[in-house]
Amino acid sequence: MLPTTILIVAFGSAGFVYLAGRVHARVRDTLAVLSSLVLVGLIGLGYGAWREVVYVPDFLGLELVLRLNLLAWFFAITVAAVVSLSTIFSLSYMRRKESANFHYSATLAVEGAMLGTVFAGDLLSFFIFWEIMSWSAYLLISCNRGRALEAGLKYIIMSLVGSCAMLIGLLAMYSGLGVLSIPLVAEGMQAASPGFVLLVLLTFGLGFGIKSAMVPLHTWLPDAHSEAASPFSAVLSGVLIKMGIYGFVLLMYVVVGLKLLLGVGAGWLTFRHILCWLGAITVVVPTFIAVLQSDAKRLLAWSSIGQIGYIILGLSFGTSLAFAGAIFHALNHALCKSLLFLAVGAVEHNTGGVRDLNDLGGLAKRMPVTFACALLAGLGLIGIPLTSGFVPKWLIYRSLIEDGYPFLALAALIGTWGAILYVYKLLHNIFLGQLPEKHREVRRAPLSMRIPILLLGLGILVFGVVPGIPLRAVQDIGHTFGLAQLKVTLWGLGSEAGALNMLNICLAVVIAFAAAFLLLRLGAKGRAVDQEDSYAAGSAVPVGRYHYTVDFYGPLSRMISPYLRDRADEFYYWLAARGREIADLTRKVYTGYAGTYVLYIVSFLAALIFLQLVWHIW
Amino acid sequence: MVNPILLIAVPLGLGFIIPLLGLIWEKPTRYVPAAAMVFNLAASLLLLPKVLQRPWVVETAGLPPPFSIHLVAGPLGVGLSLLIALVGLLVAIYAIGYVREGPVAKYHSLYLFLLTGATGMVLTADLFNLFVFFEILCISSYALVAYHGDRAGTESSAKYLIQGAIGSSLVLIGIGFVYGLFGTLSMADIARNIDSVSPMKLFLPMAFLITGFGVEAAVLPLNAWLPDAHSSAPSSISAILSGIAIKAGLYAVARVLFTIYGADTIALLVLVIGILTLLVGEMSAFSQNNIKRLLAYSSIGQIGLIVFALGLASALGVQGALFLVVSHALAKSLLFLSVGYMIYRTGSMEISSLYGMGRRMPVSALCFTIGAFSLVGLPPFIGFPAKFTVIMAALERADPLFTALVGVVLVGTVVEGAYFFRIVQGLHFRPPPESATPARADQEEAPVSALVPICLLAALIVAVGVYPSVLTHYLGPAARDLLDKAAYIHHVLGP
């Protein structure tokens, strides 16, 4: 009954929180935080359990099933953790905002829908929860008003296209196999024709590709993630796009199955190859677009697309190393990206809504905790050792090189260089350098903002030093799909896959730090300087006249920006404009003149008779 | 047990009493339609379990079929009369408060006639009687469209009248042909003898009947009256026209096609007409600025989807079509009703003037959102299982052509989603226009007499969306009632 209880709690609390908001803001806040924490607890209880529950016995003649297994649990706990931290963060962020009631309640509804999606034991429930997730997220994005409206519209229309494609695949499967329960479908697919498998892969792949923002289906993401309210941006980037990844895992490893998947296509033109090259493009191009952004949240949004590219790259290989890397990276990205969005949200909250990177700077001393944690998350995105980003990237690189794909490995490497650039830009422009005059009054973030940021930072550190915790779960998941077992130890990986021991790395880092510290101590004595006492090109900079952060990476962006137009986005806008023109032309059928209408009726009758006379249609 | 004939007699009789009552005391007349529909609702509910086992053939003049006029209360007929009574009742409750100006007694009387016509159409077993009820429905709707007496209403009513009259005369000519060929007007009797006449001779009356009924059923290109009529009528009438009246026309077309002619061969043509209607309807709605016109065009789109489902001519397809009939009747009347008071408050039908209504009229705006999501086909609302069934029926064929057609149908859904999502955003998240005069907060929300039907409709949409099996138990037999020609003949004429 556990999955059902979890869903009832999630959706039920979504309703109650809204009602509580009508009574008193404090009641609402307490209830929202409590219920999101209860959800974390409930899901935590389900670790290692394997359940299957029929929750609606007859929906159009089909059984709707919820099931709990390790894969579902892994994604569910990530979702619940990120949403609960985002809810805690909202306490100060949403205080006294008029849409707070709706924000809390819809966040819980989105969480419920995401949990339903991962717990779904048949494809129909999967689709139902998927759709509920789409429209509730649309409402939640739109609720930030202003430019968020267009972003929300773009998001939901693209989602709708994806879910329509999924619906075709889903029902084609149903008419072909007669079942929708995931294990039975997986069984039935083994005997399916290659064309049918391809139809399923393409239709579902379109839906999942849109949700996970794979290039060229990514165009909704930069708008939606940057325009949504920051706590929800964290949920969007942290876990909602991971639902697309979950879908890919389900599709490729469970429904279609590895054996069949590797057989789709011929020669170089296989599904797998196309997917991994799409993944590589998704890594490289968006990463450099991210470098060009001057809006902090837009930068993070583009970086999300790039990071999703790594996950897709890992998934498309189908080896146990790459798979473990992909799933671990999904977790890593969830932690790092939600932390960064929350950190940017805290800055936005403290500076009165500034998120333009040209306008910030020097906040490190004012918001030290936020800075430290954001630094950690940035390093995690890059994949520096001792953060949770190192092991997954190591796994992905290793399997790329081991399987003999040097170009893909190069693409992944280029992506990491880009990540270094944008992470540095983000951290520098917000936290380092001069403090602009207008931000002199900025104080540290409220406690309810620092707690979730700290917890996420702690997670990044712990999973970085002790990667065995998540790796063990990940490799157990892979094992259920028939992937070879990895030798996971608490500190890394056993020998035959290439030993990896974080303990040694830890030690090395500590020694290096100690050496550097000693060296600096023994050398010249440091001098404490004021934050303004910095220099550029040898001469002192007049305070308030010149700002480092403006036009950061100017030469680089002038060099690469001509190559980085978002052609997919332009194409969709072109398509929409043509669609509108066609719609306007179509409307002219209704002339408003009764004579024409009468003509229509008479010609319809005449056409019917004509058809019969010529072709004997009846 | 209630006699099915009372389903027609009670509203018809009360419809005639209203003007008389209105002469003495006008005030109570507005409660009469609701009372009549409560009766119909209760009677249909009582009848439904019985007719599911065996249709009830009612003889009106003491002669067994095929002589004299008779009614057949089968699963489809009673099911649809239940739907008519339900929507009719809710709209009647809405109208109690909504219709205040003008000839109120006449409104209520005509409204009852309209519902009588629709109920009669779905219950009758006689082709000419079908035409009579069809005319009752049409004439009362011509008058009701022009109820406000303003220029737009009168003009669109006149256009509607012209096209409707042509349609009716085509139906009449078709019936004349049929009578000439078979010498009988009982639908079962015609159906029994249909093979005795050459296809060429048969086709002509069919073409006339389909075109004639098709005008009311609003299939392309016979639907040009609809956007005008639905948008300039009072909102309660728009609701009943979109929710019920087109469905009655569609019922007539389906009866003629499936039960009388058993026309599987032209199913593909029906399918194509359905798709064209769907696409043209949705695309015309796409850039509409007038909310009621937009809803009217969206009705055309939905009708197209229903016709598409009928054109699949399979048990599941027809079941899906009936599911859509129910879902569209509930959702579209909900949309028209909830938007009615918004228009009343702002005095404008421009979508941009409805911005920010989510704050001023939260309940109405919420219910509008539910209706819009349901029409797009999002779970957990009734539109989802309905659309799902239709697409399931289309993909059941496992034919690449049908898969491609479903793709085209879903393009319509995306367009539909695009405009509804835009409106929903406008209602809840856009700032109200500058000109909006914020009145006192307690005056803003629609009155209770409007909120009750709106909320009931929204609740029904959610309830059936979550538990579609409450409906599917009845849709299966109803679909068979329409498709299974032999059983229909057997029930009416005996073995």
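Data overview
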quantity: Contact order relative to length of chain A, as percent, for alpha carbon pairs under 8 angstrom and 6 or more apart; calculated: 11
quantity: Rounded Å value of the spacing that divides the Cα centres of the stretch A:174-212 and the stretch A:371-422; calculated: 32
quantity: Cα gyration tensor, the stretch A:569-615 - rounded (a/c under 1.5), prolate or oblate; calculated: oblate
quantity: Phi to ³J(HN,Hα) by Karplus 6.51 cos²θ - 1.76 cosθ + 1.60 over the stretch B:404-410, Hz, x for Gly, Pro; calculated: 5, 4, 4, x, 5, 4, 6
quantity: Degrees, to the nearest 10: B:199-217 long Cα axis against longest axis of chain B; calculated: 20
quantity: Local electrostatic count, A:Ser13, Cβ distance below 13 Å [Lys/Arg +1, Asp/Glu -1]; calculated: -1
quantity: Mean-position separation - Cα centroids, the stretch B:327-353 and the stretch A:222-277, in angstrom; calculated: 40
quantity: Range in chain A, longest, excluding exposed GluC sites (Glu not before Pro) [loop by DSSP; at most 13 other beta-carbon atoms within 10 Å]; calculated: A:99-440
quantity: Global geometry of the protein assembly as shown, whether rounded, prolate or oblate, following the gyration tensor of its Cα atoms and the 1.5 cut on a/c; calculated: prolate
quantity: For residues of B:463-471, the mean tally of beta carbons on other chains within 10 Å; calculated: 2
quantity: Spin-label model distance (nm) - A:Arg558 vs B:Leu269, 7 Å beyond Cα toward Cβ; calculated: 7.0
quantity: Overall form of chain A per C-alpha gyration tensor (a/c, 1.5; a/b vs b/c); calculated: prolate
quantity: 5 angstrom amide H check on A:Val488, placed H, neighbours 5+ away; calculated: A:Gly494
quantity: Ascending count of other beta-carbon atoms within 10 Å, so fewest first, for A:Asp403, A:Asp566, A:Asp122; calculated: A:Asp403, A:Asp566, A:Asp122
quantity: Hits among aspartates and glutamates - C-alpha to C-alpha of B:Lys27 under 16 Å, sequence gap 8 or more where chains match; calculated: B:Glu101
quantity: Crossing angle, helix B:383-395 versus chain B [Cα axis fit, 0-90 degrees, rounded to tens]; calculated: 40
quantity: Sorted by Cβ neighbour density within 10 Å, fewest at the top, the residues B:Arg255, B:Arg345, A:Arg587, A:Arg527; calculated: A:Arg527, A:Arg587, B:Arg345, B:Arg255
quantity: Ordering of B:257-264, A:114-121 by burial proxy (mean other Cβ atoms within 10 Å per residue, highest first); calculated: A:114-121, B:257-264
quantity: Violating pairs (Cα-Cα greater than 30 angstrom) within the set B:Lys106/B:Lys159; A:Lys393/A:Lys425; A:Lys154/A:Lys259; A:Lys425/A:Lys487; B:Lys159/B:Lys485; A:Lys588/B:Lys106; calculated: A:Lys154/A:Lys259; A:Lys425/A:Lys487; B:Lys159/B:Lys485; A:Lys588/B:Lys106
quantity: Relative contact order for chain B, counting Cα pairs under 8 Å that sit 6 or more residues apart, in percent; calculated: 16
quantity: Principal-axis tilt of helix B:315-346 within chain B, Cα atoms, nearest 10 degrees; calculated: 30
quantity: Hydrodynamic radius by Kirkwood, which averages 1/r over all alpha carbon pairs of chain B, in angstrom; calculated: 22.5
quantity: Low-density loop positions, chymotrypsin sites (Phe, Trp or Tyr not before Pro), the stretch A:197-295 - DSSP coil, at most 13 other Cβ in 10 Å; calculated: A:Trp268
quantity: Partners for B:Lys332 among aspartates and glutamates (Cα-Cα distance below 19 Å; same-chain residues under 8 apart left out); calculated: B:Glu216, B:Asp228, B:Glu282, B:Glu350, B:Glu416
quantity: Packing-based order for B:395-402, B:199-206, B:363-370, using average beta carbon neighbours within 10 Å, highest first; calculated: B:363-370, B:199-206, B:395-402
quantity: Listed peptides A:588-599, A:415-426 by packing density, highest first (mean Cβ within 10 Å); calculated: A:415-426, A:588-599
quantity: Sequence-distant aspartates and glutamates (8 or more away, or on other chains) whose Cα lies within less than 16 Å of A:Lys297; calculated: A:Asp223, A:Glu227, A:Glu348, A:Asp356, A:Asp359
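Throughout, read-outs are computed from the coordinates displayed, never taken from laboratory work. What you are looking at is a predicted structure, and each value in this text was computed from that prediction instead of being measured. Because the Cβ atoms are built from the backbone with ideal geometry, glycine has one as well, and the counts that use them run over all protein chains shown.
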